[in-house]
Amino acid sequence: MAKLKVIKTGPMTTIQDFGRFGFRRYGIPQSGVMDRKMMIAANQLVGNPNKFPVIEFALMDMELEALEETVISVVGASFKVNGQIQGKCENVSVGDKVSISAPTFVYGYLGMGGCIQAKEDFGSVSTYERAGFGGIDGRGLQMGDELISDGEGEIKAQADIPDRENEELVTIRIMKGPEWNLLKELPSLESFQVDGSSDRMGVRLTGAKLDCDYQEIASSAVIPGTIQLPADGHPIILMNDCQTTGGYPRIGKVIDEDMGGLAQVRAGGKVKLILVDT
């Protein structure tokens, strides 16, 4: 058994796995990690299967204390143990203090050797705070919480860590959506900025407006990656905690491969949408 105690954390620190699937017809969102590649890397570094839950933290730093010996990994941020800078993975012993920096981009990931224990709802331990699903009592982590896993893990030298670079303009590939033909011009001709109100439910794009023969549609199915276009012409790209239906035109869908990169674009970052055939 491994155990860490939360000493300090921010409001967007949650337990997440790949998410819950097969329940959208009941109005239950997918949830799950925002950057799957970073989650997989965090698990690989401690010898876990890819699907094991991790701790996702956003925008702020965090501090932990080891209550039992374990192996931890940090992807998307840097960390220290007892004030000493570490690589991506390290053994920690009882009493060790772990300080993790704010993520380099938006989201960072903490892996623990073994499977982190959390509440399972609808086949997943992913935290969905609006309904109180998963995680620790369906909420984000708080000071004093204890993270317990069922094993100690082992340090692995190899992991497929995604290369998320600080690019001035992040290119996101999209496919046509059911209401694509309402557009008067191609999104590939425009660049946008990520709005500060973006969160786990959706990424709002501002700046350029899309010209569209706007019309509301009957409430229809949406999924993470769906690009909705409100009347103001500013697209909304739905993310993991999004609703299951919506009434805005669905002009496109971000390909799954690019969802993690999109999630990691900070507020004010520039995004360009490129249409691809798949």
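The angle between the Cα long axis of helix 36-45 and the longest principal axis of the Cα atoms of the chain comes to about 20 degrees, rounded to the nearest 10. Evaluating 6.51 cos²θ - 1.76 cosθ + 1.60 at θ = phi - 60° for every residue in the range 70-83, the Karplus couplings come out as 7, 10, 10, 10, 9, 10, x, 7, 9, 8, 10, 10, 6, x Hz, glycine and proline recorded as x.
Can you put 204, 130, 25 in order of Cβ neighbours within 10 angstrom, beginning with the fewest? Mind showing how you got there, number by number?
Working: 204 19, 130 12, 25 8.
Ranked by crowding around the Cβ, least crowded first: 25, 130, 204.
Pairs exceeding a 19 Å alpha-carbon distance, out of 184/209; 37/119; 8/37; 8/80; 51/272; 97/156: 37/119; 8/37; 51/272; 97/156. If I compute mean projected area of the Cα convex hull in nm² from the structure I just sent, which labelled value in (i) 14.1; (ii) 22.3; (iii) 13.0 lines up? Evaluating mean projected area of the Cα convex hull in nm² on these atoms matches (i). The range 1-49 and the range 250-278 have their alpha-carbon centroids 21 Å apart.
Quick check: residue separation of residue 8 and residue 25 times 0.36 nm, minus the Cα distance between them. What number comes out in nm? Numbers along the way, then the final one.
Values: separation 17, 0.36 × 17 = 6.12 nm, distance 3.76 nm.
Taking residue 8 through residue 25 to full extension adds about 2.4 nm, to one decimal.
Comparing 213, 241, 160 in a Gaussian network model of the chain where C-alpha atoms under 10 Å apart are linked, the largest mean-square fluctuation is found at 213.
Every number here is computed from the coordinates shown, using simple stated rules; none is lab data. Values in this document were obtained by computation on a predicted structure and should not be read as measured data. Cβ coordinates were reconstructed from backbone atoms using ideal geometry, including for glycine residues, and neighbour counts include every protein chain displayed.
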